[in-house]
């Protein structure tokens, strides 16, 4: 049985880097320490532990840009190669990249590794710089999509995402993305790495912004369903924080919490709309957001 985890303690990190060196640098005669680079502190590191509690695989991912994640240092113990360990690492790092808000993942693959990356859905994009002075490499890319979520009305959802990024640019810098929409529920997510404070948790202001945009997005999509349009503004809001966010920021708004007088909007009047948004850290409820919005009629109504 394999366990995927993040090395955190000094002992775990030392074992992780030693394993990376043994697999990726020592065979070529490079000294211990050469397995590290300047991106270690801004990267997410993952290791796979085998049944004997020893590291059997590892990998790392960091952001090149807000849209692109770089996967590096994939290593598997010789005994466990061709047993699916490498695929587990890639799948894990892709999930991390999605949580960071990346739209695509890239890696510089040695020629001998290209069949593996191809089997994982990557495509060759261009030549990459040689590694260790002589090993030829290709840059491979994979566009990330989550096939396990339900997105109804994808055109409206794409319009909402574009509206956030164009009219509220900070939403893109925060890595806020529409994750799921079912007509009755909207779920958004944010990148923890882009909103992390000195305590290693999510800024309270970032949580508030995520909740505000989630409620805003629910009203935007509800108006689309009803053939209405208008300007959504936040009137008043309260948020209660119970626990810090340390892993995966999620915000969920259910239609049952929405109380909106859309008939007012149809009649060209200002529409009051109240709702609740629940904030989760992965599956743990951590905050509750209650808000009063106003939808101002537009000339189209």
**OP:** Give me the distance in nm between label points sitting 7 Å out from Cα along the Cα-to-Cβ direction at residue 124 and residue 65, one decimal.
**Re:** 2.4 nm
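If you average 1/r across every pair of different Cα atoms in the range 157-301 and take the reciprocal, what Kirkwood value do you get, in Å?
On the way: mean 1/r = 0.0651 Å⁻¹.
The Cα-based Kirkwood calculation yields 15.4 Å.
When only Cα pairs under 8 Å and 6 or more residues apart are kept, what is the percent relative contact order across the range 172-253? It would help to have the intermediate numbers written out before the result.
Values: 95 pairs, mean separation 31.6, N = 82.
Value for the range 172-253: 39 percent.
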**OP:** Using a 10 angstrom cutoff on alpha carbons, build the Gaussian network for the chain and name the most mobile of 181, 16, 39.
**Re:** 39
Original post:
Taking Cα pairs under 8 Å and at least six residues apart, what relative contact order does the range 233-278 come out at, in percent?
Top reply: 36 percent
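Calculated FRET efficiency, residue 226 and residue 26, Cβ-Cβ r, R0 51 Å, to nearest 0.05?
Numbers: r = 64 Å, r/R0 = 1.25.
Efficiency, from the Cβ-Cβ distance: 0.20.
Taking other Cβ within 10 Å of each residue's Cβ, how do 22, 275, 152 sort, fewest first?
Working: 22 16, 275 24, 152 13.
By the 10 Å Cβ count, ascending, the order reads 152, 22, 275.
Based on the Kirkwood radius over alpha-carbon pairs, what value in µm²/s does the Stokes-Einstein equation return for the translational diffusion coefficient of the chain at 20 °C and 1.002 mPa s? Kindly include the intermediate steps, with their values, before the conclusion.
Details: Rh = 21.4 Å.
Value of D from the Cα-based Kirkwood radius: 100 µm²/s.
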Subject >> Sorted largest first, extent of the range 3-143 alpha carbons per principal axis (Å) >> reply: 37, 35, 31
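Fewest Cβ neighbours within 10 Å first, please rank 123, 1, 223 accordingly.
Numbers: 123 12, 1 5, 223 21.
Sorted ascending by nearby Cβ count, the order is 1, 123, 223.
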Subject >> Ordering of 263-269, 173-179 by packing [mean C-beta count within 10 Å, highest first] >> reply: 173-179, 263-269
Original post:
In Å and whole numbers, how far do the C-alpha atoms of the range 48-130 stretch along each principal axis, longest first?
Top reply: 38, 28, 21
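Hey, what did the chain get for relative contact order, percent, Cα under 8 Å, at least 6 apart? Mind showing how you got there, number by number?
Details: 570 pairs, mean separation 33.0, N = 301.
Relative contact order, the chain: 11 percent.
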Subject >> Residue-averaged [θ]222 nm for the chain, counting only DSSP H segments that reach four residues, each worth -39500 (n - 2.57) >> reply: -8500 deg cm²/dmol
Original post:
Helix 204-225 versus the longest principal axis of the chain: what is the Cα-based angle in degrees, 0 to 90, to the nearest 10?
Top reply: 60 degrees
**OP:** For the chain, find the longest principal axis of its Cα atoms and tell me its angle to the long axis of helix 10-24, 0 to 90°, nearest 10.
**Re:** 60 degrees
**OP:** Report the residue, chosen from 233, 85, 245, that carries the largest GNM mean-square fluctuation when the chain is represented by alpha-carbon nodes joined by springs under 10 Å.
**Re:** 233
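Which length gain, in nm to one decimal place, applies between residue 266 and residue 87 when the Cα-Cα distance is subtracted from 0.36 nm times their residue separation? Please list the in-between numbers first.
Details: separation 179, 0.36 × 179 = 64.44 nm, distance 5.27 nm.
Extending this stretch completely gives an extra 59.2 nm.
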**OP:** Name the residue, out of 69, 119, 260, whose mean-square fluctuation peaks in a Gaussian network model built on the chain with Cα pairs under 10 Å.
**Re:** 119
**OP:** Compute the label zone of residue 283 within the range 225-247: residues whose backbone N is under 13 Å from the point 7 Å along Cα-to-Cβ.
**Re:** none
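State whether the range 140-242 is rounded, prolate or oblate according to the following rule on the C-alpha gyration tensor (a ≥ b ≥ c being the square roots of its eigenvalues): a/c under 1.5 gives rounded; otherwise a/b larger than b/c gives prolate, and the remaining case gives oblate. Could the numbers behind the result be given before it?
Values: a/c = 1.82, a/b = 1.16, b/c = 1.56.
Because a/c hits 1.5 or more and a/b fails to exceed b/c, the range 140-242 counts as oblate.
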Original post:
In degrees between 0 and 90, to the nearest 10, how far off the longest principal axis of the chain does helix 154-167 point, with axes built from Cα atoms?
Top reply: 90 degrees
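Each value in this text was obtained by applying a stated rule to the coordinates, not by laboratory testing. Please read these numbers as outputs of a predicted model, since none were measured by experiment. Note that we place each Cβ from the backbone using ideal geometry, even for glycine, and neighbour counts take in every protein chain shown.
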